[in-house]
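Comments concern the structure below.
A short reminder: the numbers here are calculations on the coordinates, not readings from a lab. Quick caveat: nothing in here was measured; it's all calculated off a predicted structure. Ideal geometry is used to build each Cβ from the backbone, glycine not excepted, and the neighbour counts take in all protein chains shown.
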Amino acid sequence: MNMPAAMEVATRLVAATLIGSGVGLDRELRHKPAGLKTHALVALGAALIIVVSASLTDLLHPDSSVMSRVIQGIIAGVGFLGGGAILKSSEEMVTGVTTAASIWLVASLGIACGAGEFATALIALAIALVVLVLGNAFESRILGR
């Protein structure tokens, strides 16, 4: 791998990690089960799989649908991780659904960064943070009326 290619890979992986950390920070500040490190690592892992798969696809299968299968595998696999964040309490309350959704989201953000779609990932991050930060206040207002 030459230096410009290595820098591109590093940029994609670091961007995924930072963007995943942005969502994870919200979860961390709210003392949720999966926080900054979990979200950062999920985004990094998804980006890494995309970067490596793209490299191998270019070398081994330039005309195949390998990437769509890789993306499907990431999303399905991360679903199991998110499922582990969902708990049912003794009061029959289900908790952790937002955390599970945010884990799934950061995998998608990682996929976007791994594919070099930085603007798309940043737009999605901004929307996600608006939902996460303002969502509780909005729900309270709606339910309070």
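Counting only GluC sites (Glu not before Pro) that DSSP places in a loop and that have at most 13 other Cβ atoms within 10 Å, the longest clean stretch of the chain runs over 1-90.
About the centre of its Cα atoms, the range 3-144 shows a dipole size close to 260 debye [charges on the beta carbon of Lys, Arg (+1) and Asp, Glu (-1) only; nearest 20 debye].
Report the far tail of the P(r) of the chain, meaning the percent of Cα-Cα pairs longer than 20 Å.
Numbers: 5339 of 10440 pairs.
Result for the distance tail: 51 percent.
Stretching the chain fully between Leu129 and Glu91 yields a gain of 10.7 nm (0.36 nm per residue, less the alpha carbon separation). Spatially, the range 1-28 and the range 117-137 are offset by 17 Å when compared through their Cα centroids.
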